[in-house]
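**Student:** Here it is, the structure, as structure tokens.
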Amino acid sequence: MLRAHLERDNADRYDLLQIQSLEELRCLNLSKVCNVILLDMRATREHSLAIIRYVSKLQVNVALIALCHNHEQLQHYKDVIQHLDDYILAEHLVDGELPIRITHAIRRRHKEQALLQEKARLQSLLDAIPDAIFFKDRNSRFTKVNRRMETIYGQCYESIIGKTDFDLFAKEHAQEAFNDEQEILRTGEPLIGKLEKETFEDGHFNWVNTTKVALRDEQQSIIGTMGISRDITELKKAQDTLAQERSMLKTIIEHALAGIFVKDLAGHYLVVNRRHAKYLGAQSEVEVIGKTLYDFFEQQEAKRISSMDAQIMASEHGIENMVDYRQRTDGTELWLLTNKVPLRDDSGHCIGLVGISLDITQQKLAERKLKTTIQTLEATKLQLIEAEKLKTVGRLAAGVAHEVKNPLSVVSLGAEYLEHQIDGPEEMLQIIRDMRAAVQKANQVIFELLDYSSPHKIDMEPANINEIILRVLGLMRHNFNEACIKVQEVLSDEIEPVRLDASKMEQVFINLFLNAISVMQKGGELTIRTNSMQVKSAGSNVSSAMTELFRIGDRVVVIEVLDTGQGLNKDALSKAFEPFYSTKATNEGTGLGLSVTRSIIEMHHGMITLQNRKEKPGACVRIVLPAATDND
């Protein structure tokens, strides 16, 4: 009958292959040899059921159409009818119906097979995604979940379907999730990337990043929600730990007793605490971020520090315990003990600089005060020793004056009388003149001893040192001419005034000029130079006289007296200012000239040094005196 209907209605469209048994059907590759199976269920029921179950289990892309006598017979197969693509009632089959029913069944089977494949791919995708995916109805009941969600929450698929968040989580989270979903149902607006804390009844919790959107049907009506949640508990813990460490680091930086800063390769401040901002003269950290040292220091000072920072970053070697001196714009001193190290990225490349600076200004001032105290004690000690020496010399001088001066006066008067009374011979007159000269020399020694040992009183007033030098040079012009010495004056026109005792300072230059004349017996050149300057460094020796007397920033006046003699040996340089030491012959000096000179300079709170010239033979006496200030 089927062959007759097919040949009559559409002989060229379908080929008919007749199979008699299930065993014969099993031998065929159905998806390759046929598009549809027409099962004649008018035969035995068991045979028909076996074929239906076999074809259904294969899930091949082949349509299955059942042929029954009538509806009554079809009712006997109601338990497997869902596996059929169509059925035909032989009693009601009309001409031309069979090919149409076959064509529709084949199309329906292809569509269903495509849907099954699409469903399988979707399910495979859902199960492969490492995030929890879920679908809910309008009452927020789960209608579908993926395998990952079953794993995360430790429940099987069947135990989750039909439940709500209230069945899985504590009310705290469940209520918030329910409210979010109801809002989506109301507005249709998605919820993107919300950080949620999923709290469970036993107290433990997970952190998830959740996105939820509206679920719509074919008519675009909202029928529920669907969402995806990624477990970020470990990430959140890491973020919280990082935030705690960052907060702890910020607290340490803000309350550290030292200034802390971070710079980039160009020297811009990236991080700075309040204490370091104060070092820079800023009121807050905000005023410093993004700026460089050139915004806070003079060009020369900023360049010095920036060059040091650039060298550290280039060499990638830090420095430790560097004592750095700076002068603030208000003139006050700032001493810092600084450590600096390169800042490296994860690859080990230098990307900046990290530094920490401790303010040690008070320690330095205390150290200076202690040094001053020690120096004062040392000076007092030396003064006491010197005073004792002077006291001894004074007693000696007084004794000499009493015991020697009067007899010398008698000898001097006698020699003068004899010189006027005797006319000859010339040899006798020369002996008398030598006696008078010797007595005069003895008197000079006595006067110098008395001057050195007597108490000194000075009356200091601001004066121009150049004027005093010129006045002494004028008084001694005859001495220089007689000794064939050329005097070169290099006196600064911008010399600053000095508080001094004019008469004492004249004595200083007279002594120095006389000494210079004595060492240039064959003539020479005497150069006197003056200039004003500011003390910019403490020198290489922190215990030097320069460091003891003057501070960085002080204004001083410098006088240099240079001769072209033979200079002095090492022993003479070390003893030159000692009392009674002289390089002259015994009858040419007392050795008190430079000692008196140094005493006068020290009374003026200055310093005097003697050293050989470097560029040519000769000696250089250098005097440094404090310039007069407005308070003076």
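Every read-out reported here was derived from the displayed coordinates using simple, explicitly stated rules and does not represent laboratory data. Worth saying up front: this structure is predicted, and the values here are computed from it rather than measured. Every residue, glycine as well, gets a Cβ built from its backbone with ideal geometry; the counts of neighbours run over all protein chains shown.
**Student:** Please work out the Cα center distance from the range 239-291 to the range 46-89, rounded to the nearest Å.
**Tutor:** Answer, in whole Å: 81.
**Student:** Report, ordered by chain and residue number, the lysines lying within cross-link reach of Lys614, taken as a straight Cα distance under 19 Å and ignoring same-chain residues fewer than 8 apart.
**Tutor:** Reachable lysines: Lys570.
**Student:** Using amide H atoms built 1.01 Å from N in the peptide plane, name the residues 5+ places from Asn146, or on other chains, whose amide H lies under 5 Å from its own.
**Tutor:** Sorted by chain and number, the residues that satisfy this are Ile133.
**Student:** Determine which lysines satisfy two conditions relative to Lys371: a Cα distance under 19 Å, and not lying fewer than 8 residues away in the same chain.
**Tutor:** Straight-distance partners of Lys371: Lys381.
**Student:** How big is the Rg/Rh ratio for the chain, C-alpha atoms only, Rh by Kirkwood, two decimals?
**Tutor:** Using only Cα positions, Rg/Rh for the chain is 1.52.
**Student:** Would you mind checking the tilt of helix 361-400 against the longest principal axis of the Cα atoms of the chain, expressed as 0 to 90 degrees and rounded to 10?
**Tutor:** Once rounded, one gets 10 degrees.
**Student:** Which FRET efficiency value, to the nearest 0.05, is calculated for Glu23 and Phe200 with the Förster distance at 41 angstrom and r the Cβ-Cβ distance? Walk me through the intermediate numbers first.
**Tutor:** On the way: r = 57 Å, r/R0 = 1.39.
Here the calculated transfer efficiency is 0.10.
**Student:** How big is the equivalent ellipsoid of the range 2-124 along its three axes, where each semi-axis is √(5λ) from the Cα gyration tensor, reported in whole Å from largest to smallest?
**Tutor:** Working through the eigenvalues yields semi-axes of 23, 18, 15 Å.
**Student:** Reachable lysines from Lys32, Cα under 20 Å, same-chain residues fewer than 8 places away excluded?
**Tutor:** Output for Lys32: Lys57, Lys111.
**Student:** Would you kindly state how much longer the chain becomes between Glu172 and Val80 on full extension, computed as 0.36 nm times their sequence separation minus their alpha carbon distance, in nm to one decimal?
**Tutor:** 28.3 nm
**Student:** Classify the range 128-209 as rounded, prolate or oblate, taking a ≥ b ≥ c as the square roots of the eigenvalues of its Cα gyration tensor: rounded when a/c is under 1.5, otherwise prolate if a/b is larger than b/c and oblate if not.
**Tutor:** The shape class here is rounded.
**Student:** Distance in nm between label sites at Asp346 and Lys575, each 7 Å beyond Cα in the beta-carbon direction?
**Tutor:** Going by the 7 Å Cα→Cβ label model, 7.6 nm.
**Student:** Can you run phi through the Karplus equation (6.51, -1.76, 1.60; θ = phi - 60°) for the range 175-183 and list ³J(HN,Hα) in whole Hz, with x for Gly and Pro?
**Tutor:** Once rounded to whole Hz, the list reads 5, 5, 5, 4, 4, 5, 5, 5, 5.
**Student:** Right, another one. Go through the range 225-239 residue by residue and turn each phi into a ³J(HN,Hα) via Karplus (6.51, -1.76, 1.60, θ = phi - 60°); whole Hz please, and just put x for glycine and proline.
**Tutor:** 9, 9, x, 9, 10, 9, 6, 10, 4, 5, 5, 5, 4, 5, 5
**Student:** I would also like to ask the following. Once you list every other residue whose beta carbon is under 11 Å from the beta carbon of Ser159, what net charge do they have if Lys and Arg are +1 and Asp and Glu are -1?
**Tutor:** After counting each charged neighbour, the total is -2.
**Student:** What does the extension gain come out to for Thr44 and Leu358, with contour length at 0.36 nm per residue minus their alpha carbon separation?
**Tutor:** 102.7 nm
**Student:** Quick check: net charge around Arg477, other residues with Cβ under 13 Å of its Cβ, Lys/Arg +1 and Asp/Glu -1? Write down the numbers at each step before the final one.
**Tutor:** Working: positive: Arg471, Lys486; negative: Glu482, Glu489.
Once positives and negatives cancel, what remains is 0.
**Student:** Strictly over 24 Å apart at the Cα level, which of Lys136/Lys171; Lys303/Lys536; Lys236/Lys263; Lys278/Lys303 would you flag in this model?
**Tutor:** Result: Lys236/Lys263 exceed 24 Å.
**Student:** A further question follows. Sort Met41, Met322 so that the residue with the fewest other Cβ atoms within 10 Å of its own Cβ comes first and the one with the most comes last.
**Tutor:** Met322, Met41
**Student:** Right, here's the next one. What number, in percent, do you get for the relative contact order of the chain if the mean sequence gap of Cα pairs under 8 Å and at least 6 apart is divided by its residue count?
**Tutor:** Computed over the chain, the figure is 6 percent.
**Student:** Rounded to the nearest 500 deg cm²/dmol, what is the calculated helix-only ellipticity per residue at 222 nm for the chain, with -39500 (n - 2.57) per DSSP H run of length n ≥ 4?
**Tutor:** -14500 deg cm²/dmol
**Student:** For Thr597, Thr376, what's the fewest-to-most ordering of other Cβ within 10 Å of each Cβ? Working shown, then result.
**Tutor:** Details: Thr597 23, Thr376 12.
So the residues, fewest neighbours to most, are Thr376, Thr597.
**Student:** Please turn the phi angles of the range 84-95 into ³J(HN,Hα) values with the Karplus equation 6.51 cos²θ - 1.76 cosθ + 1.60 (θ = phi - 60°), one per residue in order, whole Hz, x for glycine and proline.
**Tutor:** 8, 7, 5, 9, 10, 9, 4, 5, 10, 6, 10, 5
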